[in-house]
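Q: Have a look at the structure that comes next, please.
Each value in this text was obtained by applying a stated rule to the coordinates, not by laboratory testing. Values in this document were obtained by computation on a predicted structure and should not be read as measured data. Cβ atoms come from the backbone with ideal geometry, glycine included; neighbour counts cover every protein chain shown.
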Amino acid sequence: MTVVYEDLGDEAEGAAVPVRRIRFSINGKKMIAEVEPRLLLSHLIRRGIGLTGTHMGCDTTNCGACTVLVKGPGEAGGGRPVKSCTMLAVQVDGREITTVEGLAMKGAGEAGGGLHPLQEGFKEEHGLQCGFCTPGMMMAAKALLDENPDPTEEDVRWALSGNLCRCTGYQNIVKSVLWAAAKLRAESAG
Amino acid sequence: MTQALDEIKIGGLGASRKRVEDDRFIRGKGNYTDDITLPGMLHMEILRSPLAHARIKSIDASKAWDIPGVHLVLTGDMMATRNLAWMPTLSYDTQAVLATDKVRFQGQEVACVIADDPYIAKDACEAIDVDYEPLPVIVNPTQAVADGAPVIRDDKENQAGNVIYHWEVGDAAGTDRAFEQADVISRLQLHYPRSHPSPIECCGSIADFNRATSKLTVYMTTQAPHIIRAAVALVAELPEQMIRIISPDIGGGFGNKVPVYPGYVCSILASILLERPVKWIEDKTGNLISTGFARDVYLDGEMALRRDGKILGVRMGCDADHGAFFSDAQPSKFKLGLIHSAFAAYDIPVAHLMARGIYTNKAPGGVAYRCSFRVTEAMFFQERMVQAAADDLGMDQAEFRRMNFVKDEDFPHRTPLGFLTDSGQYAKCLDVGLKAVGYEDFRKRQEEARARGRLLGLGISTMTEPLGAGNSREYDILGIKMFDSAELKVHMTGKAIVRTGARGQGQGHETTWAQIVAHELGIPAEDIVVEEGDTDTAPFGMGTYASRSTPVAGAAVAMVSRKIRAKARKLAAHLLEVSEEDVEWELGRFYVRSAPDRGVTIQECAMAAYSNMPDGMEPGLENTAYYDPPNLTWPFAVYIVTVEVDPATGVWDVLTTVAVDDCGIRINPMIVEGQIMGGLTEAYAMANMQFITFDAEGNCIGSNYMDYLLPTAWETPGFELHSEVVTPCPHHPIGAKGIGECAAVGGPAAFVNAVIDALTGTGVRNIDMPLLPDRVWEAITYRRDVSGAPPVRSDD
């Protein structure tokens with residue numbers, strides 16, 4: 001982050017914060033950032049890039065609200081789910097990140113506003129209330145559906161067990177993911 | 001020939017309309033407090049006390065001041081020079097904003113740093129050197145009232161010990177007489193453990209004081225923005241018209257975001273001093289160890305019974321652990337909230353309740369965690385007591401309840417502790433639940449399983465919850481009456497905006513308030529936008545908690561719609577060139593009684609209000625309604641849970657969960673069911689894993705999500721919901737009752753009763769929540785109750 005402060009003439013020499021330059025892509029867009037080594041990925045995404053859809057709930061890797069997908073060079077698929085509050089920004093150097101803002105990018109402007117079936121499913125099955133856990137839930141669910149297009153209820157519950165929701169009781173979240181899975185299967189069959 | 005609209009098609013009452021707010025949330029475009037960035041914004045972090053009770057000998061913040069990027073370090077002494085070291089609570093007590101003399105609980109706010117960046121502010125907090133002298137720590141009421149216990153609140157004059165209040169309700173002498181006539185007296189003692197609402201989003205604020213205009217704007221995570229505005233005006237002595245509180249999207253509240261917290265106050269003062277926006281976002285540990293907890297009440301009671309099962313009277317005692325400051329957010333007249341709503345569903349001639357509030361070295365802020373002010377404790381004790389009484393009498397659990405229920409024809413009914421319930425079909429709800437769970441069949445299977453060494457159990461819980469405070473005669477917070485409001489503006493094209501004094505946090509107000517207007521006016525719900533949470537634009541209201549939004553603000557939405565309809569009728573008469581008496585209404589349209597095909601739509605009336613009003617009529621089609629409910633609303637529910645307990649490990653699994661909720665008219669059935677499932681999950685959580693406790697030194701056990709367990713999708717059972725019983729509220733304009741909290745209130749006892757039922761024959765009457773496997777195993781193995789919160793467990 002950029003820091004500007006008053007020069008009182010009393011600053012010790014060499015106290016400058018070390019900065020690392022990293023290159024990565026987020027939602028398909030290539031980026032360069034200069035970051036403190038201790039900066040959390042979640043803060044890079046939220047404050048540095050200004051994508052506030054990735055929420056921070058607990059800062060201790062428990063709640064999963066900050067889940068994003070991270071894909072390493074040469075890895076197949078859409079990326080692995082990562083709780084971005086426990087990954088350092090410098091660790092995404094050379095990697096691809098997908099956040100909730102990147103879910104709906106394909107076919108924007110089409111009917112349904114180019115939403116990902118998971119986004120439609122969450123609305124259709126009332127899979128959210130306050131909406132705070134929702135982006136992380138959808139990203140974790142996307143990672144599941146990328147690997148397993150036809151999950152059982154139990155598969156979904158297990159895949160989302162790293163993401164906490166205090167509003168819904170999960171039943172409708174599970175239904176939302178199954179709704180999306182069915183739609184994705186129908187789309188790929190059609 | 002009338003041409004009424006199809007109400008479901010226009011998204012009116014009873015439509016399971018998809019939620020409007022989802023469109024932004026599913027795109028990651030919600031606007032929560034931490035998502036807001038203002039130009040020149042600084043960041044605040046709080047230094048908290050590591051000790052539960054200690055004298056502050058000195059605070060040296062010089063190293064923190066020296067860190068580049070630090071703009072301000074606030075300490076208690078600095079707050080004191082501005083008369084802000086202490087603030088009044090919502091319960092007529094005082095609470096330290098930043099500690100001056102002592103710290104009184106672990107996590108108490110000691111200093112604040114405001115810096116360019118939150119990382120710098122955190123570094124600077126660590127550079128502050130506080131010298132503490134540890135003091136003896138009190139972590140439960142027993143220690144607090146023991147001889148020689150240190151007085152925690154020695155800052156207060158005339159506070160001799162640690163008792164905050166004694167409060168008594170009911171008829172003591174009459175209850176004594178009932179107990180003299182009893183054939184059987186059943187007793188039960190239990191502890192409802194401390195819990196935390198723990199929304200996923202923590203608390204936070206951005207204070208923005210503009211010296212040029214003298215206006216203070218505060219974006220904050222509050223369920224009650226108007227109360228905050230009043231509090232800021234009174235505490236900070238700022239003119240109320242210069243204070244604007246904006247509550248953006250809230251990532252869950254559950255009562256946690258009702259109180260005023262020191263962090264809010266410090267961010268406001270910092271912004272005034274620095275003349276820059278100051279953002280404070282709490283971390284999870286800060287949230288769990290310092291903000292509004294819930295429950296923590298020791299309950300004991302006894303029930304006077306006739307041999308045939310009739311309940312003759314009840315005595316109930318409550319020792320409430322309020323922590324270091326009495327800052328419960330609740331109606332001021334009732335010291336322990338609405339705990340005296342206990343036993344409201346049963347026809348009990350007489351009862352008496354004694355409550356005592358106690359200071360301990362624990363976090364303050366007893367909040368109505370998904371309940372209407374301590375109703376959860378009341379209903380839990382009620383249903384645990386009822387189960388114990390039926391067991392003592394050797395009666396069937398369902399039959400004992402049915403026999404003692406208030407009968408359908410006996411409403412309105414005065415409860416033994418003073419409430420007036422007005423409607424319900426209690427026995428019918430029970431029948432639906434028993435049928436759904438296959439009661440008789442389950443009892444047979446239970447016996448067969450027991451013969452093979454398997455422990456099955458069935459627990460019933462019922463509840464009627466007083467929801468929707470006021471009326472204003474009895475309910476106020478610091479003298480401010482508990483009514484609510486709605487403003488409706490119909491534009492000339494027939495589209496509209498509704499604003500209310502409530503503030504939703506996931507309940508779907510943006511969807512459901514429009515449905516009420518659609519029901520009253522026939523304007524399609526999609527043509528109506530709903531806005532809440534900005535005190536500069538919303539009419540005054542008391543906010544959203546205690547399931548009061550639909551009962552009070554929702555009623556105001558209906559009433560303001562009717563005011564609009566009354567004016568539209570005059571416009572219709574003018575357009576149709578008939579007298580007003582000759583105009584009839586059907587959904588969305590006025591017509592001439594004698595010629596029904598001659599009519600005008602509500603949209604045509606709206607246009608006329610701006611373009612063709614009759615002579616002398618005030619232009620426009622807008623109005624505001626303030627609604628003071630005549631009574632609370634009284635939803636009723638039956639929850640039935642079946643479990644299997646593993647005797648070797650004490651682990652228990654839920655087999656079925658059946659919920660029968662009668663909440664009157666459902667505005668949006670989909671949303672109602674979502675609320676019920678959310679509540680059931682919190683009930684399961686409290687029964688199974690979720691609690692906050694303290695060790696003997698006052699260290700909070702449960703200060704993060706590794707220690708404070710919340711259920712995930714993996715553990716949470718599935719739910720079966722029933723909506724076939726509908727008893728409209730007799731006084732609510734559309735017959736609705738509160739629903740958001742019922743399952744969290746009534747649910748816990750169903751889970752606990754099921755486990756206790758599975759242990760029939762062991763003599764175990766009580767295991768305190770949460771029913772962790774080690775507790776259940778201990779109860780089974782040693783055939784004894786496992787009661788009391790650590791560290792006062794007798795065997796520790």
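Q: More than 22 Å apart: what percent of Cα pairs in the stretch A:111-189 qualify?
A: Value for the stretch A:111-189: 14 percent of Cα pairs lie more than 22 Å apart.
Q: Give me a single rounded figure for A:118-126: the average over its residues of other chain Cβ atoms within 10 Å of their Cβ.
A: 4
Q: Sticking with this structure for a sec: How are the C-alpha pair distances of the protein assembly as shown spread across 10 Å bins, as whole percents from the shortest bin up?
A: Bin by bin from 0 Å, the calculated values are 2, 11, 20, 24, 21, 14, 6, 2, 0, 0.
Q: Running a GNM on chain A with Cα contacts under 10 Å, which residue among A:A104, A:A141, A:A65 ends up with the highest mean-square fluctuation?
A: Largest GNM mean-square fluctuation: A:A104.
Q: Rounded to the nearest 0.05, what FRET efficiency do B:E440 and B:S472 have when you use their Cβ-Cβ distance and R0 = 56 Å?
A: According to the calculation, E is roughly 0.70.
Q: Identify, among B:G674, B:T142, B:I734, the residue whose Cα sits farthest towards the positive end of the charge dipole of chain B, taking +1 on the Cβ of Lys and Arg and -1 on the Cβ of Asp and Glu, with the dipole about the Cα centre.
A: Of the candidates, B:I734 comes out farthest on the positive side.
Q: On to the next question. Please compute, for peptide B:505-511, the average count of beta-carbon atoms on other protein chains lying within 10 Å of each residue's beta-carbon.
A: Per residue, the average neighbour count from other chains is 3.
Q: Same structure again: How big is the charge dipole of chain A about its Cα centre, in debye rounded to the nearest 20, if each Lys and Arg gets +1 on its Cβ and each Asp and Glu gets -1 on its Cβ?
A: Dipole about the Cα centre, nearest 20: 360 debye.
Q: Now, a different point. From Cα pairs below 8 angstrom and at least 6 apart in sequence, can you work out the relative contact order of the stretch A:111-189, rounded to a whole percent?
A: This gives 49 percent for the stretch A:111-189.
Q: First measure r as the distance between the Cβ atoms of B:D410 and A:N148, then evaluate 1/(1 + (r/R0)^6) with R0 = 56 Å and state the FRET efficiency to the nearest 0.05.
A: Result of the calculation: an efficiency of 0.50.
Q: Quickly work out the B:T493-to-B:M617 label distance, labels modelled 7 Å from Cα along the C-beta direction, and quote it in nm with one decimal.
A: In this crude spin-label approximation the distance works out to 2.2 nm.
Q: Follow-up. What is the list of residues in the stretch B:514-529 whose amide nitrogen lies under 20 Å from a point 7 angstrom out from the Cα of B:S723, following Cα to Cβ?
A: Within reach of a label on B:S723, which here means backbone N under 20 Å from a point 7 Å along Cα→Cβ, the stretch B:514-529 contributes B:514-520, B:525-526.
Q: If you put +1 on each Lys and Arg Cβ and -1 on each Asp and Glu Cβ, how big is the dipole of the stretch A:20-102 around its Cα centre, in Debye rounded to 20?
A: Computed charge dipole of the stretch A:20-102: roughly 140 debye.
Q: Considering every residue in B:174-187, what mean count of other chain Cβ atoms within 10 Å of its Cβ is obtained?
A: Mean number of neighbouring Cβ atoms from other chains: 0.
Q: Ok, one more. By per-residue mean of other Cβ atoms within 10 Å, what is the highest-first order of B:627-638, B:77-88, B:253-264?
A: B:253-264, B:627-638, B:77-88
Q: Out of A:Q119, B:V113, A:L41, whose Cα points farthest toward the positive end of the dipole of the protein assembly as shown (charges: +1 Lys, Arg; -1 Asp, Glu; placed on Cβ)?
A: The one lying farthest along the dipole's positive direction is A:Q119.
Q: I'd like to know which of B:A696, B:V20, B:A388 lies farthest towards the positive end of the charge dipole of the protein assembly as shown, counting +1 on Cβ of Lys and Arg and -1 on Cβ of Asp and Glu.
A: Selected residue: B:V20.
Q: Related question: So, R0 is 41 Å and r is the distance between the beta-carbons of A:S188 and A:T86; what FRET efficiency does that work out to, to 0.05?
A: 0.80
Q: About its Cα centre, how strong a charge dipole does the stretch A:111-189 have in debye, to the nearest 20, once Lys and Arg get +1 and Asp and Glu get -1 at the Cβ?
A: Here the size comes out at about 280 debye.
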